[in-house]
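Below is one structure, written out as C-alpha cells; the observations come after it.
The values are calculated or read from the model by the stated rules, or taken from the named source; none is laboratory data. All of these numbers come straight from a predicted model, not from anything done at the bench. Here the Cβ positions follow ideal geometry from the backbone for every residue, glycine too, while neighbour counts run over all protein chains shown.
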Amino acid sequence: MNSPEKDFQLRVMGIECAPLLAALHEVTFRGGEVWDATSFAALLSGPGTEAMLAVIDTVPVGFILARTILDETEILTIAVHPDFRRRGIGHALVQNVLGKGKVFLEVAVCNNQAAALYEKCGFVKAGLRRGYYRDGSDALVLVSSDV
Ligand SMILES: CC(C)(COP(=O)(O)OP(=O)(O)OC[C@H]1O[C@@H](n2cnc3c(N)ncnc32)[C@H](O)[C@@H]1OP(=O)(O)O)[C@@H](O)C(=O)NCCC(=O)NCCS
C-alpha cells in the first residue's frame, strides 16, 4: 500500500516478519519491556492478529501490531525507530487500524509521546489499569472516539 506524499510505504506482514518486528521493538523499547521473536510469532499465529510494517525504500522503520476480534481491535504495540520519528509514520500506522470497529489500547501513564499521538488520532481515556506493567507502573486505557 502506498502512502501518497509520504516517503514511506505501509505493508501488511505475516508471521515470517517476527524476527524483524523483534529487532525494531528492541531498538524502540530498549531498557523496557522488549518482546522477542518467539513472542511476535506466537501473537501473529493467533486469530485476527495483523502486523503492518512501515518501510522507507527497503529499510523497515516502524510497525503496528493489532488484533481484531469481532468488532473490537486492540493495538498490541506500535514502534517507530528513533531515527525516523516525527514524520507521520506513527500516525499513518494508527490511522490504518482505525475503522476496524472499536479500537482500544493500553499506554503507560508516563508515555507522553505516545499519548500525544493517540490524542491526535482521536483516542479518549476509558480507564486506568493499576500496576499493569512489569515495573509496577499504571496504564491508561484509551479508546477510539469515532465509534
Ligand atoms: C509513539 C511513536 C510510535 C510515535 O511515532 P512517530 O512516527 O514519531 O509519530 P508521528 O510522527 O506520526 O506523530 C504524530 C503526532 O503524534 C504526536 N507526537 C509524536 N511524538 C511526539 C513527541 N515526541 N512529543 C510530542 N508529540 C508527539 C504529535 O501530535 C505528532 O504530530 P505532529 O508531528 O504533527 O506534531 C514513537 O514515538 C515511538 O515508537 N515511541 C516509542 C514506542 C512507544 O512508546 N509506543 C507506544 C506504546 S503504547
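Listed values, structure above:
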quantity	calculated
Cβ-Cβ under 7 Å pairs, at least 6 apart or on other chains, the stretch 97-118 side within 24 Å of residue 69 (Cβ to Cβ), far side near the ligand (Cβ under 7 Å from one of its atoms) and part of a helix (DSSP H, G or I)	107/114; 117/90; 117/91
Odd one out for residue 80, checked against (1) farther than 18 Å from residue 8 by Cα; (2) surrounded by 16 or more Cβ atoms within 10 Å (Cβ to Cβ); (3) not charged (D, E, K, R)	(1)
Given (1) in contact with a strand residue (DSSP E or B) (Cβ under 9 Å, 6 or more places away or on another chain); (2) more than 8 Å from the ligand (Cβ to nearest atom); (3) more than 22 Å from residue 20 (Cβ to Cβ), number of the condition residue 134 does not satisfy	(1)
Qualifying residues in the stretch 23-73 (those that are within 10 Å of the ligand (Cβ to nearest atom) and of a type in the set (Phe, Trp, Tyr)) - the one farthest from residue 110 (Cα to Cα)	63
Residue 142 of a type in the set (A, V, I, L, M, F, W, C), at pLDDT 95 or above, under 14 Å from the mean Cα position of the chain (by Cα) and under 21 Å from residue 12 (Cβ atoms)	no
Condition met for residue 15 (touching a residue at least 60 places away in the same chain (Cβ under 8 Å) and more than 24 Å from residue 132 (Cα to Cα))	no
Failed item, numbered, when residue 111 is tested on (1) modelled with pLDDT under 95; (2) closer than 20 Å to residue 25 by Cβ	(1)
Options 69, 64, 56; residue that is under 27 Å from residue 143 (Cβ atoms) and crowded, with 16+ Cβ neighbours inside 10 Å	64
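Listed here are the residues, each with its yes/no results for (1) polar (S, T, N, Q); (2) under 21 Å from residue 46 (Cβ atoms); (3) more than 6 Å from the ligand (Cβ to nearest atom); (4) within 13 Å of the chain's Cα centre (by Cα).
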{"residue": "75", "(1), (2), (3), (4)": "no, yes, yes, yes"}
{"residue": "79", "(1), (2), (3), (4)": "no, yes, no, yes"}
{"residue": "82", "(1), (2), (3), (4)": "no, no, yes, no"}
{"residue": "85", "(1), (2), (3), (4)": "no, no, no, no"}
{"residue": "92", "(1), (2), (3), (4)": "no, no, yes, yes"}
{"residue": "102", "(1), (2), (3), (4)": "no, yes, yes, no"}
{"residue": "109", "(1), (2), (3), (4)": "no, no, yes, no"}
{"residue": "114", "(1), (2), (3), (4)": "no, no, no, yes"}
{"residue": "118", "(1), (2), (3), (4)": "no, no, yes, yes"}
